[in-house]
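Inspection log for the structure reproduced underneath, given as structure tokens.
The values are calculated or read from the model by the stated rules, or taken from the named source; none is laboratory data. Remember, it's a predicted structure, so these values are computed and weren't measured experimentally. Cβ atoms come from the backbone with ideal geometry, glycine included; neighbour counts cover every protein chain shown.
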Amino acid sequence: MTQIQTVSTRAERKLWIDYPYQKYKNHPTWVPPMLIQEWEDTDPKKNPFFDHSEIELFLALEQGKVVGRIAAILDKSFNQYRKENSVLFSSLEADNASVFKALLERVETWARQRGADCVKGPSKIAQNDMHGFLVENFDDPPTIMMNYNPPEYAAWSEAAGYGKYEDTFAWKMTVAQGLPERVARIAERVKKNLKVTLRPINFKKLNEEVAHIRKIYNSAWSRNLAFVPWTEDEIDHLKKQLGQVADQQISFMAEIDNQPVAFSLVLPDLNQALPGTGGKLLPFGIFKLQFFKYTRMRLVALGILDEYHGRGLDALLYAESFWRGQKKYASGEFGWTLESNDGINNGMKALGAIPYKRYRIYQKKL
């Protein structure tokens, strides 16, 4: 019989964190996340997301063996901003369909106890990061900050009473295919007509730069289904992460009249270096990350101030990201994007990018 228990000690949190590493050990596609990041994400003292969210971790056990895990999240800021009354589930992994269902039912009970009227997910343990379960293309490994799950999770979700809420896409583009001439012409024309100056993000003045990114992001992403305005503490957390992993040569800011109006943030795909490390940076993982020759990038965030939408800046940013990225990488991933966002998806298609992965966010009314 499956026992679902609340994680209440550090030892239990270790079991919760370690479970996917055991489940997917030697899996050909799954990439081990950095363990240090997994610990930080679940630590209320280190993750500012906990300042406005209530989070509970659950383990599933059978005869003392861990057979699944899940997290329940009540993001009060999100519910207030979106005028919703929902709970998110996150980090769901299970050995079989019955354990999968039992874990979801435990989150549903937790949600009802807090007066929620629906459960959505999967999310990461942070809002603005609700990827969903992978439902198409299980052969290509995930890029940095993207997730992997087995094909059966979609059917297991539906069997547990969950339906599609929204799909998201990850887009792929290679240097070999080149940038369409039409897009290049539009980009150059926009740059000239709007008198746009493109400059690298100044990582020596991250306080100033992150303040610009926050303003642009909060303007550009306000209609996104997972959007919540970043808090000051979350910005400080972002600043630390950017300084560690962003590609400082490729990421850039766009200015008009000396004022930042857009940005493009690129990361090298650190996931290329993580297989074989077990997610551990010591003793050798850190050297592998530092000296690995990455061939793939991920454009993780791109934002334009709302008043500049529809003026061609998106074409300029995509084109410039491609031109800069081709000097270092053979391919890149753009995303994620919402299935319902016709504007950005049409822009991706115009670039020649292919929607090579689909993720699904699920919802169940209580």
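The condition of being surrounded by fewer than 18 Cβ atoms within 10 Å (Cβ to Cβ), of a type outside the set (A, V, I, L, M, F, W, C) and under 30 Å from V87 (Cβ atoms) does not hold for K327. When restricted to residues that are modelled with pLDDT of 90 or more and within 15 Å of K293 (Cβ to Cβ), region 248-272 contains 5.
Could you please let me know if F322 is of a type in the set (A, V, I, L, M, F, W, C), buried (at least 22 other Cβ atoms within 10 Å of the Cβ) and closer than 30 Å to P122 by Cα? For F322, the condition - of a type in the set (A, V, I, L, M, F, W, C), buried (at least 22 other Cβ atoms within 10 Å of the Cβ) and closer than 30 Å to P122 by Cα - is not met.
Scan region 198-220 and tell me whether some residue there is in a strand (DSSP E or B), without any contact (Cβ under 8 Å) to a residue 60 or more places away in the chain and under 21 Å from V266 (Cβ atoms).
As a first pass, look at region 198-220 and keep what is in a strand (DSSP E or B): 198-200.
Next cut, without any contact (Cβ under 8 Å) to a residue 60 or more places away in the chain only: 199-200.
With under 21 Å from V266 (Cβ atoms) added as a condition, the list becomes 199-200.
Checked against the condition, which is being in a strand (DSSP E or B), without any contact (Cβ under 8 Å) to a residue 60 or more places away in the chain and under 21 Å from V266 (Cβ atoms), region 198-220 yields at least one hit.
Of the residues making up region 292-306, those that are surrounded by fewer than 17 Cβ atoms within 10 Å (Cβ to Cβ) and either without any contact (Cβ under 8 Å) to a residue 40 or more places away in the chain or touching a Leu at 6+ places or on another chain (Cβ under 7 Å) (or both) are F292, K293, T295.
Quick check on this structure: which one of V66, V107, V87 is in contact with a Phe, Trp or Tyr (Cβ under 6 Å, 6 or more places away or on another chain), assigned to a strand (DSSP E or B) and surrounded by 15 or more Cβ atoms within 10 Å (Cβ to Cβ)? Break it down stepwise before answering.
Values: V107 fails: assigned to a strand (DSSP E or B); V87 fails: in contact with a Phe, Trp or Tyr (Cβ under 6 Å, 6 or more places away or on another chain).
Testing whether each residue is in contact with a Phe, Trp or Tyr (Cβ under 6 Å, 6 or more places away or on another chain), assigned to a strand (DSSP E or B) and surrounded by 15 or more Cβ atoms within 10 Å (Cβ to Cβ) leaves just V66.
Taking the stated definitions as given, is L274 buried (at least 17 other Cβ atoms within 10 Å of the Cβ), assigned to a strand (DSSP E or B) and in contact with a helix residue (DSSP H, G or I) (Cβ under 8 Å, 6 or more places away or on another chain)?
Details: buried (at least 17 other Cβ atoms within 10 Å of the Cβ): yes; assigned to a strand (DSSP E or B): no; in contact with a helix residue (DSSP H, G or I) (Cβ under 8 Å, 6 or more places away or on another chain): yes.
Against the criterion (buried (at least 17 other Cβ atoms within 10 Å of the Cβ), assigned to a strand (DSSP E or B) and in contact with a helix residue (DSSP H, G or I) (Cβ under 8 Å, 6 or more places away or on another chain)), L274 does not qualify.
Scanning region 328-341 for residues that are modelled with pLDDT under 90 and either at positive phi or over 20 Å from the mean Cα position of the chain (by Cα) (or both) yields a single hit, G335.
Hey, can you tell me all the residues within region 65-81 that are polar (S, T, N, Q) and farther than 20 Å from T109 by Cα? S77, Q80, listed by residue number. Of all residues in region 1-33, those satisfying the criterion of being under 22 Å from the mean Cα position of the chain (by Cα) and buried (at least 19 other Cβ atoms within 10 Å of the Cβ) are W16, I17, Y19, P20, W30, V31, P32, P33. Counting only residues that are without any contact (Cβ under 8 Å) to a residue 24 or more places away in the chain, over 21 Å from W16 (Cβ atoms) and not charged (D, E, K, R), region 42-89 holds 2 of them.
Looking across region 142-193, the residues that are in contact with a Ser or Thr (Cβ under 7 Å, 6 or more places away or on another chain) and assigned to a loop (DSSP other than H, G, I, E, B) come down to Y148, V175. Being without any contact (Cβ under 8 Å) to a residue 12 or more places away in the chain and not in a helix (DSSP H, G or I) is the filter; apply it to region 277-291 and report the residue that is nearest to E208 (Cα to Cα). Across region 277-291, the extreme among qualifying residues is L282.
For first residues located in region 321-348 and under 21 Å from D247 (Cβ atoms), partners that are surrounded by fewer than 17 Cβ atoms within 10 Å (Cβ to Cβ) and of a type in the set (F, W, Y) and lie 6+ apart or on another chain with Cβ distances below 9 Å form the pairs E333/Y356. Evaluated against (1) within 22 Å of the chain's Cα centre (by Cα); (2) surrounded by fewer than 22 Cβ atoms within 10 Å (Cβ to Cβ); (3) closer than 16 Å to I216 by Cα, G310 falls short on exactly one condition, (1).
Being within 25 Å of R114 (Cβ to Cβ) and in a helix (DSSP H, G or I) is true of W16.
Quick check on my filter: what residues within region 110-134 are outside any loop (DSSP other than H, G, I, E, B) and surrounded by 20 or more Cβ atoms within 10 Å (Cβ to Cβ)? It would help to see each step written out before you state the result.
Of all residues in region 110-134, those outside any loop (DSSP other than H, G, I, E, B) come to 110-113, 118-124, 126, 133-134.
Residues satisfying the conditions are W110, A111, V119, K120, G121, P122, S123, K124, A126, F133, L134.
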